[in-house]
Amino acid sequence: MQTFRGLAASAGIAIGPALLYAPPAVSPSRSTFGARDERRRAGRSPRGPGRRPERGSRGPNGEAAQPAREPTSPAVELARADRALQEAHRQLEQIYQKSVAEVGEETAAIFRAHQEFLTDPALIEEVKGQIEQHMQSAEAAVDAAFETYARQLEELADDYYRERAVDLRDVSRRVCGILSGVQNQDTLANLTAPVIVVACALTPSDTAQMNKKMVLGFCTATGGLTSHTAIIARILGIPAVVGIGEEVLEVHSGETLIVNGHEGRVLLDPDEATVAEYSRQREAQAEQQAREKQTALRPATTADGHHVEVVANIADATSAETALGFGAEGVGLFRTEYLFLHGQSVPSEEEQYRDYRAVADVMGDRPLVIRTLDIGGDKQLPYLDIGQEMNPFLGWRAIRLCLDNPHIFEPQLRAILRASVDRNVQIMFPMVATLEEVRRARQVLERVEQQLALEGVPFNPDTEIGIMVEIPSAAVMADVLAREVDFFSIGTNDLIQYTLACDRVNEKVAYLYDPLHPAVLRLIRGVIEAAHHEGKWVGMCGEMAGDLEAIPLLLGLGLDEFSMNAPAIPAAKALIAALSVPQAQEIARIALTKGTAAEVRDYLRSLSLAR
């Protein structure tokens, strides 16, 4: 038995035969029209005398490369490229519609972004330039244009852009496949028997098109936890381990594998006893998940009767409906930036109102916390010149950008307030660093309320106003800020990296990024205590809120609301129901005596509460 180790991308256990997946790839010819004509005059073939295509060559994702096509003329190649781009757009629309039903609109929006690449003016011009100026074939032009942009994105520090590089190559592969005629051969959608997929890499479209009944799990040589492929796998509940290294590609199709998506391990050719043990674990987990989902529709209540709210992070009405199915008691974070990112202009007040009201209607009387636009230097809008910044995470973004752009901020506030009629809508301002920012934002809100009142437009004048606590200055000043707002929501993803001065996507300092670091825990404790002293409630909308190891500790610190991705809700509710408040308080007390994140984690794991 051989063990491979990688990153635990999607929890669960899979047991079955391996399928080494290497989809066909095009190896675009770099020869030009002029070179082709010269060879013809000399009586030579494009490959030269007696030459054959190289065997064993691979594409960027480990695909078996296919013979390249020779270019003809600029007019012909331009027409071919245009037809292929249109066909790719049609295919992506089909994938998008299928994905909405399976993973929700928020995640399916990946493929809307793929479609936007196909109509991006800069990319299209680059493709045309490769054909007209460099005399390349349509395949070579697409490959060169997309690869140039992908490499530029890879050089940026932000994981959002690195993921877009993967997406660019996914789209490029699709277009080149259409042009070469090798598309749709041996795809994961055509599987007829259950397998565990082994690949160098899987693209978002590979994962979205998998036959979910036949893919038991997958493992890849490359990839990270924040990739779109990993995100889709988690939502679909497919056990996955990524970033194993090229040694996993030595596995042969048909060999037995066990994928342990909890621990990031893959076992090759396990013995009968190991298979039996993992089979038992898999069955126990399936039974537990079934029980948890049945009980998830009940309120989140501790063993001694204390109620907390377990709510969801969403981006649209579809994901809101999905969240209710998992037992969400409301929405703790409605990310409004998706509406802004997917258009070519600022969405109108009416467009925003329709989106916000649609979600509010899904939620009914349940709480709906709508975060105002959280966009900035790390996520550029095509229609807003934000400019390049040396450190976009500390730059002009979120509430800072909104306060400087009332033509964006005020219509959004109007739309949110209009959507609040007869609904439990709450407004949350992101990335607040100072008391002055809170007061300025409230002044804008009051001005908007006065405008609506003068116009006779109905809204809820008692709409609660809160802020995200994700900057250490806000955490330290929580006692002062609590007097100015109705609630806090702790954004741990940014709070951790700002507190520990570590870029969470920088592999060299990734070891510092730990939600259980005592400094982070002490800030969280201080925020909760300050808010409760003023009679205000505190939620958490970062990844930490759904972490089963952290939940007992957070409950003991007095957190009132846990907001997480919908699939995490059943397990979180089950864990909360098994705890009493005094038990959780004692866990928190002991955890905060520890000096390192490792000591805190070891202590929490010794309790065996997270299953």
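Could I have the simple spin-label model distance between T295 and E389, label points 7 Å from Cα toward Cβ, reported in nm to one decimal?
4.5
Arranged by the count of other C-beta atoms within 10 angstrom, fewest first, what order do H533, H517 take?
Exposure proxy ranking, most exposed first: H533, H517.
Hey, can you grab everything whose amide H is under 5 Å from the amide H of V331? Only 5+ residues off in sequence or another chain; H modelled, so Pro and N-termini drop out.
Residues meeting the amide H criterion: A312, L368, V369.
Give the calculated FRET efficiency between A284 and A358 to the nearest 0.05, with a Förster radius of 25 Å applied to their Cβ-Cβ distance.
So, using R0 = 25 Å, E works out to roughly 0.05.
Using amide H atoms built 1.01 Å from N in the peptide plane, name the residues 5+ places from Q136, or on other chains, whose amide H lies under 5 Å from its own.
So Q136 has HN proximity to I131.
Relative to the present Cα-Cα distance, how much length would full extension add between Q443 and T274 at 0.36 nm per residue of separation?
54.5 nm
To the nearest 10 degrees, how steep is helix 121-132 against the longest Cα principal axis of the chain, on a 0 to 90 scale?
Tilt relative to the chain: about 10 degrees.
For the range 296-606, what D do you get in µm² per second when you plug the Kirkwood radius from alpha-carbon pairs into Stokes-Einstein at 25 °C and 0.890 mPa s?
Details: Rh = 19.9 Å.
Rounded, D is 123 µm²/s.
Report, to the nearest 10°, how far helix 435-455 tilts away from the longest principal axis of the Cα atoms in the chain, using its own Cα long axis and a range of 0 to 90°.
The answer is roughly 90 degrees.
Given a Förster distance of 41 Å, report the FRET efficiency between A79 and N405 from their Cβ-Cβ distance, rounded to the nearest 0.05.
Calculated transfer efficiency: 0.45.
Of the beta bridges DSSP finds with both residues in the chain, what % are antiparallel, to the nearest 5?
Bridges in the chain are about 30 percent antiparallel.
State the extension gain, in nm to one decimal, for the chain segment bounded by A578 and A519, taking 0.36 nm per residue of separation less the distance between their alpha-carbons.
Roughly 18.5 nm would be gained on extension.
Cβ neighbours within 10 Å, averaged per peptide: list 214-224, 362-372 in order, most packed at the top. Before the final figure, lay out the partial values.
Values: 214-224: 23.6, 362-372: 20.9.
Sorting 214-224, 362-372 by mean packing, highest first, produces 214-224, 362-372.
Taking the Cα atoms only, what angle lies between the long axis of helix 138-154 and the longest principal axis of the chain, rounded to 10 degrees?
The two axes meet at around 30 degrees.
If only Cα atoms are counted, what is the Rg of the range 177-336, and what is its Dmax, in Å?
Expressed in Å, the Cα Rg and Dmax of the range 177-336 come to 19.0, 65.
Using all C-alpha to C-alpha distances in the chain, build P(r) with 10 Å bins and read off the rounded percent in each one.
So the P(r) values, bin by bin, are 3, 15, 24, 25, 18, 10, 4, 1, 0.
Using helices alone, I'd like the mean residue ellipticity at 222 nm for the chain: each DSSP H run of four-plus residues gives -39500 (n - 2.57), total over residue count, nearest 500. Could the numbers behind the result be given before it?
Values: 23 runs with 284 residues, N = 611.
Mean residue ellipticity, 222 nm, calculated: -14500 deg cm²/dmol.
Only counting other Cβ atoms within 10 Å, I'd like V175, V251, V480 sorted with the fewest neighbours first.
Starting with the residue having the fewest Cβ neighbours, the order is V480, V251, V175.
Subtract the Cα-Cα distance of A610 and T192 from 0.36 nm times their separation in residues, and report this length gain in nm to one decimal.
The span from A610 to T192 would gain 146.9 nm if fully extended.
Restricting to lysine pairs 8 or more places apart or on different chains, what number in the chain have Cα atoms under 21 Å apart?
Eligible lysine pairs with Cα atoms under 21 Å apart amount to 5.
Mind giving me the nanometre distance, one decimal, between the label points for K98 and I124, set 7 Å out from Cα along Cα→Cβ?
Distance between label points: 2.7 nm.
Could you tell me which of P194, M135, V242 has its Cα farthest along the dipole of the chain towards the positive end, charges placed at Cβ (Lys, Arg +1; Asp, Glu -1), taken about the Cα centre?
M135
Computed FRET efficiency, Cβ-Cβ of T593 and H532, R0 35 Å: what is it to the nearest 0.05?
Efficiency at R0 = 35 Å is approximately 0.95.
Which one, V444, A79, L92, is farthest towards the positive end of the dipole of the chain when Lys and Arg carry +1 and Asp and Glu -1 on their Cβ?
It is A79, whose Cα lies furthest towards the positive end.
Report the charge-dipole magnitude of the chain in Debye, nearest 20, computed about the Cα centre from +1 at each Lys and Arg Cβ and -1 at each Asp and Glu Cβ.
1580
Rule-based calculations on the coordinates, nothing more; no lab input. Here the structure is a predicted model, which is why all the values come from computation and not from measurement. Using ideal geometry, Cβ is built from the backbone for each residue, glycine included, and neighbour counts are taken over all protein chains shown.
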